[in-house]
Amino acid sequence: MKKTFARKYLGIPYAVYLVLFVIAPLVVLFYYAFTNSTGHFTLANLAGFFTDSNTIGTLIYSLCLAMVVTVACLVIAYPIAYVLARSKFKSKAVIVMLFVMPMWINFTLRLTALKEILNLIEGNLAYYPFLNSVIGMTYDFLPFMILPLYNTIVKLDGSLIEAAQDLGAGRRQTFFKITVPLSMPGVISGVSMVFLPAMTNYVVNDMLYNSTYIMGSLIGSYFSAYDWHNGSMIALILLAIIGVFTLLSGESEEDGRRGGALL
Amino acid sequence: MAEDYIIELKSITKTYDDNGFTAVEDFNLKVKRGEFVTFLGPSGCGKTTTLRMIAGFELPTSGEILLNGKNIAQLPPNKRPINTVFQRYALFPHMNIYENIAFGLKLKKLPADEIKKKVSHVLEMVDLEGFENRKVSTLSGGQQQRIAIARALVNEPEILLLDEPLGALDLKMRKEMQLELKNMHDKLGITFIYVTHDQEEALTMSDKIVVMSNGKTQQIGTPEDIYNEPKNAFVADFIGESNIFKGIMTGTKKVRFAGGEFECMDDVPEGTLVDVVVRPEDVIMTKKGEGIIDGKVTSVIFKGIHYEITVESGKNEMLIQSTKSATVGDTIGMTLEPDGIHIMIAEDHTTRFEAEIASDLTLTYSDHTIHCDLTKVIPGSKIKDGVLYDAQNEPVDIEKTKILVSIEPGDIELSDDEEAGLTSGRIVNLIYKGDHYSYVVRTIHGHDLIVDDEYLWNMDDQVGLILPEDKMTFAVKK
């Protein structure tokens, strides 16, 4: 009896943490999103978002950018993760580290370097703002795609691959019928770790002189103009998009039966 | 006639590139169509590697695998008319039962209704009708195993490979599945190649057993042959319980071991050193002095259908299984019928290695110095001013001359200290031989040494091997 009581107390710090850093900010966010500057309840912020062609444009632009970045990351990361995971090379962890190592370098430094390289190639960054953002974000987020993919593929039961071959599947058939479906949990966690930041991380845009707003920059601009109400509403809408996406991916992960691909 | 055999393995050897380990050495086997063949041996004996080479997951370093007379050794697994039941089932978790079983048929592009018919037929065969839409994760281990078997059989392979398929099941389930597999084999007429470390399973199910140890075939034969006429001490020890003694032939069909002289069935020349195998159930207990040897009963255990009695006779220990009991502490007599004694000519277990002659005329082997009088090894030679001259008074080319050193198993000492001796190694096998243990020690250089020692060491113990110089014999390598 006493023991269970004592164990309960262990949860207190986490409860406090949850209240302070998760629930309280959410309440504040909700409050600001649904009030106006005089403190009265209003739906004008919500309506404003969906009627303003600028914000809708930003949403579409962000979605496009995030999608292109995610696909680019996936296309680059999957072969790398696959080759690394299936190779017989003994110190593959070292090579994985090599791909992850750029994360240890300050990312403004990395982006500055990238900016100079792109400048050299393109002549003027202003010519290809969208492309530059895609390159910058892909470069930045690639490790977040490689790691979960690598972790999933490396844990793939080798006997399943052998079973497929044994039943008559060639290398290509084995890859598409067994390896790809079974690495879906990794794909999903990789995608959710790249897609969402790609919609909001406007630092990359700023540093590469892409002046088009994405969702993050929109929120930032409202907040820096002390318009907490509209900024909060946009943040809330983003949250809803993220929520829906996570829910969907969570469900398909259950289908895949094998979870645990996160970092 | 080659046509009689569905598959033939010809001097198959598998050596791994990365560590030079030889998993299978010079493996030869012919399997008749429809036969139930079992590879039996302790873990690490190479049985699974051999199976994987037949399946195509691993390619032999050398040798041929002839399927219906055609060499398939280098063919990928998907090009072989052979299917495998894996140890951990290897069912695809993202597919339901129907999709799992239909996987191979769909690849063959069979029409959908034919696939459906075949799947339900094979599900019926494994007693799991109506399981088509179940998920893999909802099935018990035994059910998953049946699905794995169904998935392999539905492709109608020429050979079905089974890699310890019952290893993950509990005892009762295992017994049931043994019978079912055997029935399935009889009904389908497909050739089964089965891998197990369970000797009882092998004896129950097989038409032919291949006993393997340390990558080598020890004996190939029917279960009866292998149980009744084990070819060597390893097989005798591995299959069933047995007493193994060192003996010597003392006359026509007479052998002396365990302190007594017995009549036997095998006609081996007098003076030959032999290993004698006595099954515990073949020992006949008599009153003290009425048997050939006497011994003191040290333990009696009731085992349900028989008693297991341990008797100490001099330095030897004899295990007896009998329906009669005995009293601990009593002295009893023991005798054996001639057909209860199995004689195996003792293998040559002498350790031999090559040593080089150093400039100071000592021998060296892997950085160790061995002292020996070279003038006695090379007839008529002499040493003058530190130079070795042969009988013709010519200086011996010590770089080209190698000395063969040999030492008997009983003269090698084992030590806890790995640095203590000439070399060190790991115990990979041990057999109790009445009054001592016979060990196989795999040295760090990958050689297997036979060492006799009266003390008990454990499998996988790391030991130093002390080779006393005074017990060594030397010869010039020609």
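Among the residues in segment B:299-307, are any touching a residue at least 24 places away in the same chain (Cβ under 8 Å) and in a strand (DSSP E or B)? I'd like the intermediate steps shown before the answer.
Initial filter on segment B:299-307 (touching a residue at least 24 places away in the same chain (Cβ under 8 Å)): B:299-300, B:306.
So of that shortlist, the ones also in a strand (DSSP E or B) come out as B:299-300.
Yes, segment B:299-307 has at least one match.
Among the strands (runs of 3 or more DSSP E) contained in segment B:327-436, which hold 2 or more residues that are more than 30 Å from B:LYS288 (Cα to Cα) and basic (Lys, Arg)?
Details: elements: B:331-336, B:341-345, B:351-357, B:363-365, B:368-370, B:382-384, B:387-389, B:402-407, B:413-415, B:423-432.
Here the list reads B:382-384.
Residues checked against (1) more than 20 Å from B:SER43 (Cα to Cα); (2) buried (at least 21 other Cβ atoms within 10 Å of the Cβ); (3) more than 12 Å from the chain's Cα centre (by Cα):
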| residue | (1), (2), (3) |
| --- | --- |
| B:THR191 | yes, yes, yes |
| B:THR196 | no, yes, no |
| B:GLU201 | no, yes, yes |
| B:THR222 | yes, no, yes |
| B:ASN228 | yes, no, yes |
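Based on this model, can you work out whether B:HIS342 counts as closer than 30 Å to B:GLU270 by Cα and either touching a residue at least 60 places away in the same chain (Cβ under 8 Å) or within 37 Å of the chain's Cα centre (by Cα) (or both)? Working first, answer last.
On the way: closer than 30 Å to B:GLU270 by Cα: yes; either touching a residue at least 60 places away in the same chain (Cβ under 8 Å) or within 37 Å of the chain's Cα centre (by Cα) (or both): yes.
Yes; evaluated as a whole, the condition is true for this residue.
Say we look at segment B:236-263 and pick out the residues that are out of contact with any Gly (no Cβ under 9 Å at 6 or more places or on another chain) and surrounded by 20 or more Cβ atoms within 10 Å (Cβ to Cβ); which of these is nearest to B:GLY289 (Cα to Cα)?
Pass one, segment B:236-263, residues out of contact with any Gly (no Cβ under 9 Å at 6 or more places or on another chain): B:236-237, B:239-242, B:247, B:251-254, B:263.
If we keep only those that are surrounded by 20 or more Cβ atoms within 10 Å (Cβ to Cβ) too, we end up with B:236-237, B:239, B:242, B:247.
Details: B:ALA236: 29, B:ASP237: 29, B:ILE239: 32, B:SER242: 24, B:GLY247: 22 Å.
Residue satisfying both the conditions and the ranking: B:GLY247.
Hey, among B:VAL31, B:VAL37, B:VAL24, which residue is in a strand (DSSP E or B), at pLDDT 90 or above and touching a Gly at 6+ places or on another chain (Cβ under 8 Å)?
Numbers: B:VAL31 fails: touching a Gly at 6+ places or on another chain (Cβ under 8 Å); B:VAL37 fails: touching a Gly at 6+ places or on another chain (Cβ under 8 Å).
So the residue among B:VAL31, B:VAL37, B:VAL24 that is in a strand (DSSP E or B), at pLDDT 90 or above and touching a Gly at 6+ places or on another chain (Cβ under 8 Å) is B:VAL24.
Kindly state which helices (runs of 4 or more DSSP H) lie completely within segment A:7-70 and contain at least 3 residues that are at pLDDT 90 or above. Please lay out each step first, then the result.
Values: elements: A:12-18, A:24-33, A:44-51.
Correct list: A:12-18, A:24-33.
Would you mind telling me which numbered condition in (1) surrounded by 14 or more Cβ atoms within 10 Å (Cβ to Cβ); (2) away from chain B (no Cβ under 14 Å) A:TYR127 fails?
Result: A:TYR127 fails condition (1) only.
Search segment B:129-148 for residues being closer than 10 Å to B:ILE101 by Cβ and not aromatic (Phe, Trp, Tyr), and hand back the single one that is surrounded by the fewest Cβ atoms within 10 Å (Cβ to Cβ). So that I can check it myself, show each step before the final result.
First, pick out the residues of segment B:129-148 that are closer than 10 Å to B:ILE101 by Cβ: B:131-132, B:147-148.
If we keep only those that are not aromatic (Phe, Trp, Tyr) as well, we get B:132, B:147-148.
Working: B:GLU132: 17, B:ILE147: 23, B:ALA148: 24.
Going through the qualifying residues, I end up with B:GLU132.
Kindly evaluate B:THR48 against the criterion of being out of contact with any Lys or Arg (no Cβ under 8 Å at 6 or more places or on another chain), of a type in the set (S, T, N, Q), surrounded by 17 or more Cβ atoms within 10 Å (Cβ to Cβ) and in contact (Cβ under 8 Å) with a residue 60 or more places away in the chain. Spell out how you get there, then give the answer.
Working: out of contact with any Lys or Arg (no Cβ under 8 Å at 6 or more places or on another chain): yes; of a type in the set (S, T, N, Q): yes; surrounded by 17 or more Cβ atoms within 10 Å (Cβ to Cβ): yes; in contact (Cβ under 8 Å) with a residue 60 or more places away in the chain: yes.
Taking the combined requirement at face value, the residue satisfies it.
Can you say whether A:SER183 is within 30 Å of A:ILE60 (Cα to Cα) and either within 13 Å of chain B (Cβ to nearest Cβ) or among the acidic types (Asp, Glu) (or both), as far as the supplied structure shows? Please lay out each step first, then the result.
Values: within 30 Å of A:ILE60 (Cα to Cα): yes; either within 13 Å of chain B (Cβ to nearest Cβ) or among the acidic types (Asp, Glu) (or both): yes.
Yes; evaluated as a whole, the condition is true for this residue.
Taking A:ILE188 as the residue in question, decide whether it is closer than 27 Å to A:LEU98 by Cβ and either modelled with pLDDT of 90 or more or within 14 Å of another protein chain (Cβ to nearest Cβ) (or both). So that I can check it myself, show each step before the final result.
Numbers: closer than 27 Å to A:LEU98 by Cβ: yes; either modelled with pLDDT of 90 or more or within 14 Å of another protein chain (Cβ to nearest Cβ) (or both): yes.
Against the criterion (closer than 27 Å to A:LEU98 by Cβ and either modelled with pLDDT of 90 or more or within 14 Å of another protein chain (Cβ to nearest Cβ) (or both)), A:ILE188 qualifies.
Are any residues in segment B:55-71 within 29 Å of B:GLU114 (Cα to Cα) and either crowded, with 18+ Cβ neighbours inside 10 Å or at the interface with chain A (Cβ under 10 Å from one of its Cβ atoms) (or both), and if so, which ones?
Within segment B:55-71, B:ALA55, B:GLY56, B:LEU67 qualify.
Condition check ((1) hydrophobic (A, V, I, L, M, F, W, C); (2) farther than 21 Å from B:VAL235 by Cα) across all residues:
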| position | (1), (2) |
| --- | --- |
| B:GLU413 | no, yes |
| B:GLU418 | no, yes |
| B:VAL428 | yes, no |
| B:SER438 | no, no |
| B:LEU456 | yes, no |
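Filter segment B:446-468 down to residues that are charged (D, E, K, R) and surrounded by fewer than 14 Cβ atoms within 10 Å (Cβ to Cβ) and give me whichever is nearest to the chain's Cα centre (by Cα). Working first, answer last.
Within segment B:446-468, the subset charged (D, E, K, R) is B:448, B:452-454, B:460-461.
Next cut, surrounded by fewer than 14 Cβ atoms within 10 Å (Cβ to Cβ) only: B:454, B:460.
On the way: B:GLU454: 23, B:ASP460: 16 Å.
The qualifying residue nearest to the chain's Cα centre (by Cα) is B:ASP460.
Any chance you could count how many residues in segment B:155-175 are of a type in the set (A, V, I, L, M) and assigned to a loop (DSSP other than H, G, I, E, B)?
3
If I filter segment B:72-109 down to residues being more than 9 Å from every other protein chain (Cβ to nearest Cβ) and in a loop (DSSP other than H, G, I, E, B), which single residue comes out as nearest to B:THR49 (Cα to Cα)?
B:ALA73
Residues are listed down the side, and each one gets a yes or a no for (1) surrounded by fewer than 18 Cβ atoms within 10 Å (Cβ to Cβ); (2) modelled with pLDDT of 85 or more; (3) more than 23 Å from B:PHE474 (Cβ to Cβ); (4) within 29 Å of the chain's Cα centre (by Cα):
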site	(1), (2), (3), (4)
B:GLY386	yes, no, no, no
B:ASP390	yes, no, no, no
B:PRO395	yes, no, no, no
B:LYS400	yes, no, no, no
B:GLY421	no, no, no, yes
B:LEU430	no, no, yes, yes
B:ILE444	yes, no, yes, yes
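Please pick out the residue among A:ILE153, A:ILE146 that is more than 13 Å from chain B (Cβ to nearest Cβ), part of a helix (DSSP H, G or I) and touching a Ser or Thr at 6+ places or on another chain (Cβ under 6 Å).
Values: A:ILE146 fails: touching a Ser or Thr at 6+ places or on another chain (Cβ under 6 Å).
None of the other options fit; the residue is A:ILE153.
Of all residues in segment B:438-478, which are part of a loop (DSSP other than H, G, I, E, B), of a type in the set (Lys, Arg) and out of contact with any Lys or Arg (no Cβ under 8 Å at 6 or more places or on another chain)? Lay out the reasoning, then the answer.
Initially, segment B:438-478 is screened for residues part of a loop (DSSP other than H, G, I, E, B), giving B:444-447, B:454-461, B:467-468, B:472, B:477-478.
Then keep just the ones that are of a type in the set (Lys, Arg); that gives B:477-478.
Passing the criteria: only B:LYS478.
Tell me the residue from A:ASN210, A:ASN230 that is crowded, with 17+ Cβ neighbours inside 10 Å and modelled with pLDDT under 85, please. Explain how you work it out, then say what you get.
On the way: A:ASN230 fails: modelled with pLDDT under 85.
Answer to the check: A:ASN210.
Filter segment B:110-154 for residues that are touching a Gly at 6+ places or on another chain (Cβ under 9 Å), within 14 Å of chain A (Cβ to nearest Cβ) and part of a helix (DSSP H, G or I) and give the result.
B:ARG151, B:ALA152
Out of the residues in segment A:164-179 that are hydrophobic (A, V, I, L, M, F, W, C), within 10 Å of chain B (Cβ to nearest Cβ) and without any contact (Cβ under 8 Å) to a residue 12 or more places away in the chain, state the one that is surrounded by the fewest Cβ atoms within 10 Å (Cβ to Cβ).
From segment A:164-179, those hydrophobic (A, V, I, L, M, F, W, C) are A:164, A:167, A:169, A:175-176, A:178; that's our starting set.
Then drop every residue that is not within 10 Å of chain B (Cβ to nearest Cβ), which leaves A:164, A:167, A:169, A:178.
Subset that is without any contact (Cβ under 8 Å) to a residue 12 or more places away in the chain: A:167, A:169.
Values: A:LEU167: 28, A:ALA169: 22.
Among residues in segment A:164-179 that are hydrophobic (A, V, I, L, M, F, W, C), within 10 Å of chain B (Cβ to nearest Cβ) and without any contact (Cβ under 8 Å) to a residue 12 or more places away in the chain, the one surrounded by the fewest Cβ atoms within 10 Å (Cβ to Cβ) is A:ALA169.
The values are calculated or read from the model by the stated rules, or taken from the named source; none is laboratory data. If you're wondering where the values come from, they're calculated on a predicted model, not measured in any experiment. As a convention, Cβ positions derive from the backbone with ideal geometry for all residues, glycine included, and neighbour counts pool all protein chains shown.
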